[in-house]
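First up is the structure itself, then whatever we jot down about it.
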């Protein structure tokens, strides 16, 4: 569109129109401002005259090669249409009545004007922090927390074991585990070996554990065996075993010098 | 001094201690079931009439504040009054007077698109908040003012907005779009890109 | 209202809005040369005598303060969600699994005395209630859980509480170090507590 305009138009760019365009919030705002130039009560406004004013304004702006936002052009188109409808007699029934269209535009202008006025009035009301003030030195009030209790199911269930957990560490005596010690076995073996001239099975040296705790019986076997090994190491005792897992035989070494070679296979 | 009602004293102290407005519920809780808080509030409000401090109700909350009429006399560090851009003040007014109102309705009143920054300013000031969605196609969000808005402008209720009654009586608080429906013969298309409009522009304006 | 001195109104508003106590000099500056500030201050102080707010002078500075005597009444009470104290949880668990159970029985299970407050908390929560008296010497009161107890734990009935066996399997009842359980070969129920627990389950809960 700009191609249609003479390049010389730049020189004649009137400053006030540029400023004016920047100052408007859209075509209705511009229309409203033009309407005020008619200096009549908006309700008595001539929409036809206003449409012509607006089209003139847009035309002169275009003549200045000003960039005009699309919505201003849309309004121009609509007003041009409205103008033609207002000037021409009624054509078709199905088309909107131009008087109604003018009335609608008038309403829109009145409404925007009302809102612009309201916004000015609103912002000229006394405002908090500049015209009136709240307490400058607010006082802290004491806060009391009112507990609202809840309990997850898990906590309820684990609370059941809590008395046990608490009681045991308190007075839990670690009962001495009754085990047959190696010292006991050594003493016992040494005492018995004196009266043992020949090979005897390890079983013979076990203490009588009848009626004792099974754990204790087992410990007696283990400690006796360990004691035997100890005595062998010290050279007091000989030990032999026919094969894996068979009976172990022991014998006092001092009583044994003469038949040292007597070993079964 | 004449003895004053202990409940009234307590109410006075609680309201006075705070720099924020308080709801009736909070006050009732504090004073206990037996207290007739609304009556006490009115009595207290009356006591402060004509004094330098007023007890005011704004949007259902109560607070003490200085008499606005004293403003010019008070040499107090005051917040620089925020100069709202024209667009933001218009949008604020439209939301305040038309609420709940959709963005499209705001735009139809102003006849121009609302830039994103405009609503942001008002949101940041805490003066507007989203309302319910409108049950129309697209379910657009509506906007409303906040209790802080009322408190900031010392307004008891929305009906106390300047000129509210007149505007309502004049039927100017109708947010329905006007030009959009009138624009084209078919009614619907108000899109600026519409080819028809472009033609008119060329024919008529050039 | 009677007309009050404009200077007094202003003084009242200034003292209210100021964010710090004010000296006589500052107040004089604010009100202007003509004002008799000390007299005004005394008048204002008198006006607030016996009310919920006092005008106080401390170390040459003036400020409004709420009446300290009202502080206890101004206390803000807040609901704080808290986990039930340990002692109360134990008592609750014992009542849940042993009910109906007397206080003496609870104490013998817990091995410690139960403070009055503990049962009170549970009563106040509505989780326990008194049952029938036990027909033993002294006719002690028994305790049971309530429907509110069940609903708090989302249980339909008492039998929906996990049984003792389940709890044991989950390790929730583990009471002692591992060594203790090593004692003997076949040793089933060698833990005296096992039998005790088993009994509870059989007799009380099922």
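Rule-based calculations on the coordinates, nothing more; no lab input. Given the structure is predicted, the values throughout are model-derived calculations rather than measurements. Here Cβ is always computed from backbone atoms with ideal geometry, including for glycine, and neighbour counts include all displayed protein chains.
The mean count of C-beta atoms from other chains within 10 Å of the C-beta of residues in C:92-99, rounded to a whole number, is 3. Other protein chain C-beta atoms within 10 Å of residue C-beta, averaged over C:64-75: 6.
Oblate is the label for segment A:31-91. Its Cα gyration tensor axes, ordered a ≥ b ≥ c, give a/c of at least 1.5 and b/c at or above a/b. The residues A:135, C:65, when put in order of fewest to most other Cβ atoms within 10 Å, stand as C:65, A:135. In nanometres and ascending order, the distances from the residue B:72 label point to those of the other copies are 5.0 (point 7 Å from Cα along Cα→Cβ).
With its label point put 7 Å out from Cα toward Cβ, residue B:86 sits 7.2 nm from the same residue's point in the other copies, in order from shortest. Per-residue shielding of C:17-26, expressed as the average number of other chain Cβ atoms within 10 Å of the residue Cβ, stands at 4.
Once you keep just the Cα pairs under 8 angstrom separated by 6 or more residues, what percentage relative contact order results for segment C:6-71?
Relative contact order of segment C:6-71: 33 percent.
Between segment A:171-237 and segment B:84-149, how far is it from one alpha carbon centroid to the other, in angstrom? When both Cα centres are located, 97 Å separates them. A straight chain from residue B:176 to residue B:141 at 0.36 nm per residue would run longer than the Cα-Cα distance by 11.0 nm. Full extension of the segment from residue A:36 to residue A:212, taken as 0.36 nm per residue of separation minus the current Cα-Cα distance, would add 51.5 nm. Between copies, the label points at residue C:24 (set 7 angstrom from Cα along Cα-to-Cβ) are spaced 4.7 nm, reported in nanometres from shortest to longest.
Only counting other Cβ atoms within 10 Å, I'd like C:132, C:144 sorted with the fewest neighbours first.
Working: C:132 10, C:144 17.
In order of increasing Cβ crowding within 10 Å: C:132, C:144.
In this calculation the C-beta distance from residue B:75 to residue C:113 is compared with R0 = 60 Å, giving a FRET efficiency of 0.35.
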